[in-house]
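The values are calculated or read from the model by the stated rules, or taken from the named source; none is laboratory data. Not measured: the values here are computed from a predicted model. All Cβ positions, even for glycine, are placed from backbone atoms using ideal geometry, and neighbour counts span all protein chains on display. Protein only, heavy atoms only, side chains kept; ligands, DNA and RNA dropped before computing areas. Shrake-Rupley method; radii C 1.70, N 1.55, O 1.52, S 1.80 Å.
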Amino acid sequence: MDTSITGREDEIQILERLLESPRPELLAVYGRRRVGKTFLIKTYYKPNIVFSCSGQHLGKTAEQLLNFAERLNEFFPRRKAAYVPGTWQEAFRQLEECINGIKHQKKKVVFFDELPWLDGHKSGFLSSFSYFWNMYAERRDDLIVVICGSAASWIIEKVINNKGGLHNRITQRIRLLPFTLHETELYLRRRNIHLDRYQLLQLYMVMGGIPHYLNAVERGKSATQNIDKACFSKDGVLANEFNNLYAALFNSPEKHVQLIKALAQKNKGLTRGELLKTGKLLTGGAITTILNELTESGFVEKVYPFENLEKNALYRLTDEFSLFYFKCMHGARAAGKAGWAGISNSKAYASWCGYAFENICFAHTLQIKKALQIAGVLSSQHSWYKAGADNEGGAQIDLLIDRTDNCINLCEMKFSTAPFTIDKKYAAALRERIMIFRRYTNVRKTLLLTFITTYGLVDNEYKQQLADGEIAMDALFAR
């Protein structure tokens, strides 16, 4: 295994298996922008790559074909210089000739990065690529063709679920997710950056497990210093990232950004119906497509309610940086709160901390289950919400774990700088919430109130009475 790759154990097993496969392989890799797709493929398959090219954002077909010819000349310098093909069909014919000239017998990897950008309007790329696979690559047992893209919805719709020449041709897919907290800690330690876990948690709440963002973290600086420089300095790596993030993925990102902004305002998430009411740009058909694109690209998560009713399914903004941008960066300079020091004393900061920590818990439910010693128990995660009425208050449970061993964990997630205290008022609210949940769901399972916090709970009478379990942040850093 290449030691420069952090984590990614499952993905590496797949890549290794494909190298040992006795048949041709067509691998589709997709995931959020900056998550490390290109690095993983180019690093692990470096000894085997015989050709690679990448799409040019907003590039015209002629520009893409020129880039393709230049890459052919770079990878096959001893061959007569390739002329610039006029069509993609010609381009793939040239590639076939080049591959035919390779003498060694080991697996050969052909890598197409940012495939959606290569398939411009009326370019003919996708049909030519499908012909290349069906009539050439699929007949060679020594080939692995890797296609990669950040526009995950495009990869799924146009390639994986293709109804034409690529129908059922994908032999393996990898959806590359951001680093977990464990992988983030490991990645930074390999760069000799040794921050305590509270500071790592702060970094993760801003940057998520995105390697490109984490690469901006500097040794010898605190989380606060790193966030301030990356997000609020003039030349910070993330200072203008949001403006580029969605524009690079979607042709008309205005509606996507509108949905992201709406979701950033509601910690509990929003249903499809509620999202339709947030702006004039959205219609019923369009919102379904956009939500699917945002979900597949890793920005939004669909959380089903405890009752499993589709109409009540909540969409939550789970992309850490997008949430941070709207909660803390967007409009900060105009409000005179430029810099992390000004932001961290605002109400927006407190609101962001709570939501961001909840998102981390959602992303680490496997670690939570391990800490609760229920990893081997079949279970599902849900949210639950009951609107208030005239004679009764509402209730909301952001995360509950419904288990087949006749128990339900009702999870309370609290971010704080010290052990969290359950006081008399909060204890009363918890009791009422449990009572309302029991009344309106009619569940007969045992309800276990579980606290997930940064530093645990203060040991007092209310903890003794109410807390059936508690998990501190260290458990979230487990593998």
Answer from 398, 402 - the residue that is surrounded by fewer than 19 Cβ atoms within 10 Å (Cβ to Cβ), in contact with a Ser or Thr (Cβ under 6 Å, 6 or more places away or on another chain) and not in a loop (DSSP other than H, G, I, E, B): 402
Quick one: what pairs do we get from the stretch 119-136, first residue of a type in the set (A, V, I, L, M, F, W, C), second open to solvent by 30 Å² or more (accessible area, probe 1.4 Å) and not in a loop (DSSP other than H, G, I, E, B), C-beta under 7 Å, 6+ apart or different chains? 126/158
Among the residues listed as 13, 56, 64, the single one being free of Cβ contacts under 8 Å to residues at least 12 places away in the same chain and either within 24 Å of the chain's Cα centre (by Cα) or open to solvent by less than 50 Å² (accessible area, probe 1.4 Å) (or both): 13
Within the stretch 153-173, the residues that are polar (S, T, N, Q) and assigned to a helix (DSSP H, G or I) are 153
Residues that are of a type in the set (Phe, Trp, Tyr) and farther than 24 Å from residue 174 by Cβ: which strands (runs of 3 or more DSSP E) entirely in the stretch 40-152 hold 3 or more of them? none
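Residues are listed down the side, and each one gets a yes or a no for (1) open to solvent by less than 50 Å² (accessible area, probe 1.4 Å); (2) within 24 Å of residue 349 (Cα to Cα); (3) in contact with a Lys or Arg (Cβ under 9 Å, 6 or more places away or on another chain):
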{"residue": "366", "(1), (2), (3)": "no, no, no"}
{"residue": "414", "(1), (2), (3)": "no, yes, no"}
{"residue": "425", "(1), (2), (3)": "no, yes, no"}
{"residue": "447", "(1), (2), (3)": "yes, no, yes"}
{"residue": "457", "(1), (2), (3)": "yes, yes, yes"}
{"residue": "462", "(1), (2), (3)": "yes, no, yes"}
{"residue": "477", "(1), (2), (3)": "yes, yes, yes"}
Based on this model, can you work out whether residue 224 counts as open to solvent by 50 Å² or more (accessible area, probe 1.4 Å), at negative phi and of a type in the set (Val, Ile, Thr)? yes
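One line per residue, one yes/no per condition, for (1) open to solvent by 10 Å² or more (accessible area, probe 1.4 Å); (2) at pLDDT below 90; (3) in a helix (DSSP H, G or I); (4) within 23 Å of residue 225 (Cβ to Cβ):
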residue: 288; (1), (2), (3), (4): yes, yes, yes, no
residue: 307; (1), (2), (3), (4): yes, yes, no, no
residue: 323; (1), (2), (3), (4): no, no, yes, yes
residue: 334; (1), (2), (3), (4): yes, yes, no, no
residue: 337; (1), (2), (3), (4): yes, yes, no, yes
residue: 341; (1), (2), (3), (4): yes, yes, yes, yes
residue: 358; (1), (2), (3), (4): yes, no, yes, no
residue: 362; (1), (2), (3), (4): yes, no, yes, no
residue: 369; (1), (2), (3), (4): yes, no, yes, no
All but one of (1) touching a strand residue (DSSP E or B) at 6+ places or on another chain (Cβ under 8 Å); (2) open to solvent by less than 50 Å² (accessible area, probe 1.4 Å); (3) under 23 Å from residue 300 (Cα atoms) hold for residue 170, so report the exception by its number. (3)
From the list 249, 201, which one is at pLDDT 90 or above, among the hydrophobic types (A, V, I, L, M, F, W, C) and closer than 30 Å to residue 13 by Cβ? 201
Looking across the stretch 174-231 at residues that are in a loop (DSSP other than H, G, I, E, B) and of a type in the set (Ser, Thr, Tyr), the single one that is nearest to residue 328 (Cα to Cα) is 222
I need a count of the residues in the stretch 173-193 that are basic (Lys, Arg) and under 17 Å from the mean Cα position of the chain (by Cα). 2
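Matching residues to (1) under 29 Å from residue 340 (Cβ atoms); (2) in a helix (DSSP H, G or I); (3) modelled with pLDDT under 85:
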| position | (1), (2), (3) |
| --- | --- |
| 238 | yes, no, no |
| 255 | no, yes, no |
| 260 | yes, yes, no |
| 275 | no, yes, no |
Selected residue (only one of 181, 176 is closer than 16 Å to residue 41 by Cβ, open to solvent by less than 30 Å² (accessible area, probe 1.4 Å), of a type in the set (A, V, I, L, M, F, W, C) and touching a residue at least 60 places away in the same chain (Cβ under 8 Å)): 176
